[in-house]
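I'd like to ask you about the structure that follows.
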Amino acid sequence: YQVLYYCETVRIKKKLGRADAWKLRFRVFATVGVVGIVLLVLLTPKGYFGPISSRVRGLFVKHTKTGNPLVDSVAEHQPASNQAYFQYLHHLCMLAPPGLLLVLFNFGDAPSFLAVYAMAAYFFSHKMVRLILLTGPIASALGGIF
């Protein structure tokens with residue numbers, strides 16, 4: 001956001017037109033991207049970035065376990081089932097999807113936040129039963145919209 005703010009400040013000071021403003025943004029973002037890639041290339045061999053932990057990897061890779069048998073055997077770390085969603089969310093299981101459709105058809109800044117939150121909450125809650133708690137607030141909001 002700071003880079004975009006810088007671009008907007010320069011655009012206003014120099015009174016750039018629309019095409020020139022886009023050229024400025026492209027040049028600035030390309031420069032920032034190149035600097036970021038150079039830093040990444042320089043810092044990675046030095047071990048600055050460690051490997052992703054097995055718990056984080058377990059959220060994205062289907063068959064990855066944490067490596068700890070005690071953690072892997074705990075029921076709340078297992079993938080969620082449809083019954084678990086209905087047990088915790090009850091009527092919101094029926095009210096939230098139509099609310100999500102209404103949000104998607106009236107797309108804007110606030111509705112896009114609700115849509116992204118809903119998709120992220122569902123993705124992570126589907127990986128682990130205890131993360132169904134993440135879907136409670138967004139299911140309530142979408143159910144209220146419907």
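Return the FRET efficiency for the residue pair residue 119, residue 83: r is the Cβ-Cβ distance, R0 is 30 Å, and the value is rounded to the nearest 0.05.
The calculated FRET efficiency here is 0.90.
Give me, ordered by chain and number, the residues 5 or more places off residue 80 or on other chains with an amide H under 5 Å from its own placed amide H.
Amide H neighbours of residue 80, under 5 Å, 5+ apart: 127, 128, 129.
Bear in mind that the values in this text are calculations on the coordinates, not laboratory data. All values reported here derive from a predicted model rather than from experimental measurement. As a convention, Cβ positions derive from the backbone with ideal geometry for all residues, glycine included, and neighbour counts pool all protein chains shown.
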